[in-house]
Amino acid sequence: MLPIKPSSRPFTVAYVDARHKQELLADNQTLALIGFDESARGPAGDACEFTLALPQLEETRQLEYWKAASPVTHEQIDGIHVARTPDVLFAYLEQPADDMRHDARAAYARLYRLLEKTGYPHLLRVWNYFPRLLETDGAEQRYRAFCVGRHETLAPLAIPPQSLPAASALGSFPGPFQFYFLAAKSPGIQIENPRQVSAFNYPPRYSPRSPAFSRALFKHWPESEHLYISGTASIVGHESRHREPLPQLEETLSNIEALISTAHHRHALPISHFAQLDLIKIYLSHPQWLPQVKSALQSRFPGSKPARLFLQGTVCREDLLLEIEGMYLGRAKDSG
Ligand code: 3EB
């Protein structure tokens, strides 16, 4: 059996054993099916089924499975793979990853054109993966160039900071810039972290143009409440903290707790603790830290929640060893 509640509206997400792939691809309520491996693979047909160039660090092959509560329409629009229901639009696109300033600018322009064209104007969550994130091409480090290019598309569109999506941006194995996102017809609520300077207000030493994302996004759907937590690392204020993986893990968990607590107290998010999240992804810059980080998480959260996926992905500062993102997808009453 798949660990999915059929009534989750308008969609839900779970990690499932990769052996279910064919069965899930055949289901007309599958919004997206995402694999994780050493090389990137784009969709073979119209469906949003693709593999990110982020190797999984555990034995059992898992897929990230997005299931809608109603039938999904698949189409390709301007080279973008789109899966949608009347409530939500999921999309995947690829862009070369040669000149990250240019390629990020182009990818975000394609994204906003798509939202305009399809009529889902509210961007909720984006995932950005491209190779050699910390390397320098020409004059600028690639992550910083990415931030500049993203800014160059957002600035003329006059996107206000409080409308920025939750996001993750990690370095992948060699391949294209892989970009997927979620948009809706109605907006979410930005949640910023009281322990951290908002990324869109970071001082220029991290990037000539600040990273354009929200720390988390709270989405009140007609029949459920979701929280999408951005990639979160051991940053307090705007500075990286700690040199060792376990202290970084603790700081990261405190940051995520602070986001959940803020959303709970200010916006009546039904949960108030990390252990009530449904899913987390743990990105490790160096796979050697897996055993330590995994057992620390296991002893902090011995239950089955949150479901975990460990991936190798490069965090966007040299001194940060790990980053964690998460989702809460409703059903608070049975989450303890
Ligand atoms: C940080 O807190 C870590 O540039 O879109 C996390 C999530 C990070 C998203 C992005 C960057 C981004 O600054 C880095």
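The values are calculated or read from the model by the stated rules, or taken from the named source; none is laboratory data. What you see is a predicted model; the values in this text were computed from it and never measured. Heads up, the Cβs are rebuilt from the backbone with ideal geometry, glycines too, and the neighbour counts pull from every protein chain shown. Only protein heavy atoms, including side chains, enter the accessible area calculation; ligands, DNA and RNA are left aside. Shrake-Rupley method; radii C 1.70, N 1.55, O 1.52, S 1.80 Å.
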Residues that are free of Cβ contacts under 8 Å to residues at least 40 places away in the same chain and over 28 Å from F173 (Cβ atoms): does the range 275-293 have at least one? no
Any chance H264 is open to solvent by 30 Å² or more (accessible area, probe 1.4 Å) and in a helix (DSSP H, G or I): yes
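Could you identify the single residue in A18, A53 that is touching a residue at least 40 places away in the same chain (Cβ under 8 Å) and buried (at least 21 other Cβ atoms within 10 Å of the Cβ)? First the steps, then the outcome.
Working: A18 fails: buried (at least 21 other Cβ atoms within 10 Å of the Cβ).
Answer to the selection: A53.
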Whether any residue in the range 281-296 is open to solvent by less than 10 Å² (accessible area, probe 1.4 Å), closer than 22 Å to E318 by Cβ and either within 13 Å of the ligand (Cβ to nearest atom) or not hydrophobic (A, V, I, L, M, F, W, C) (or both) is what I want to check. yes
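Specify the residue that is least open to solvent (accessible area, probe 1.4 Å); the eligible residues are those in the range 221-249 that are part of a loop (DSSP other than H, G, I, E, B) and more than 20 Å from A167 (Cβ to Cβ).
Taking the candidates together, the pick is H242.
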Residue by residue through the range 153-202, note down the ones that are among the β-branched types (V, I, T), open to solvent by less than 20 Å² (accessible area, probe 1.4 Å) and under 19 Å from the mean Cα position of the chain (by Cα). I191
Do you know which of the residues in the range 135-152 that are open to solvent by 40 Å² or more (accessible area, probe 1.4 Å) and under 19 Å from the mean Cα position of the chain (by Cα) is farthest from R317 (Cα to Cα)? H151
Checking T252 against (1) within 19 Å of the chain's Cα centre (by Cα); (2) open to solvent by 10 Å² or more (accessible area, probe 1.4 Å); (3) more than 25 Å from E140 (Cβ to Cβ); (4) within 14 Å of the ligand (Cβ to nearest atom), the condition it does not meet: (2)
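Yes or no, residue by residue, for (1) open to solvent by 10 Å² or more (accessible area, probe 1.4 Å); (2) touching a Phe, Trp or Tyr at 6+ places or on another chain (Cβ under 7 Å); (3) under 21 Å from G326 (Cα atoms):
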| site | (1), (2), (3) |
| --- | --- |
| R41 | yes, yes, no |
| A47 | yes, no, no |
| E59 | yes, no, no |
| H81 | yes, yes, no |
| V88 | no, yes, yes |
| E94 | yes, yes, no |
| R105 | yes, no, no |
| Y112 | yes, no, no |
| E116 | yes, no, no |
Exclusive hit being in contact with a Ser or Thr (Cβ under 9 Å, 6 or more places away or on another chain) and away from the ligand (no atom under 16 Å from the Cβ), set P203, P194, P187: P187
Restricting attention to the range 203-220, report how many residues are under 22 Å from E64 (Cβ atoms) and surrounded by fewer than 19 Cβ atoms within 10 Å (Cβ to Cβ). 0
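Checking the condition in contact with a helix residue (DSSP H, G or I) (Cβ under 7 Å, 6 or more places away or on another chain) and of a type in the set (G, A, S), which residue from S172, S207, S214 passes?
S207
Look through A258, A332, A275 and report the one residue that is modelled with pLDDT of 95 or more, of a type outside the set (V, I, T), more than 16 Å from the ligand (Cβ to nearest atom) and open to solvent by 10 Å² or more (accessible area, probe 1.4 Å).
Details: A258 fails: more than 16 Å from the ligand (Cβ to nearest atom); A332 fails: modelled with pLDDT of 95 or more.
One residue alone meets the criteria, A275.
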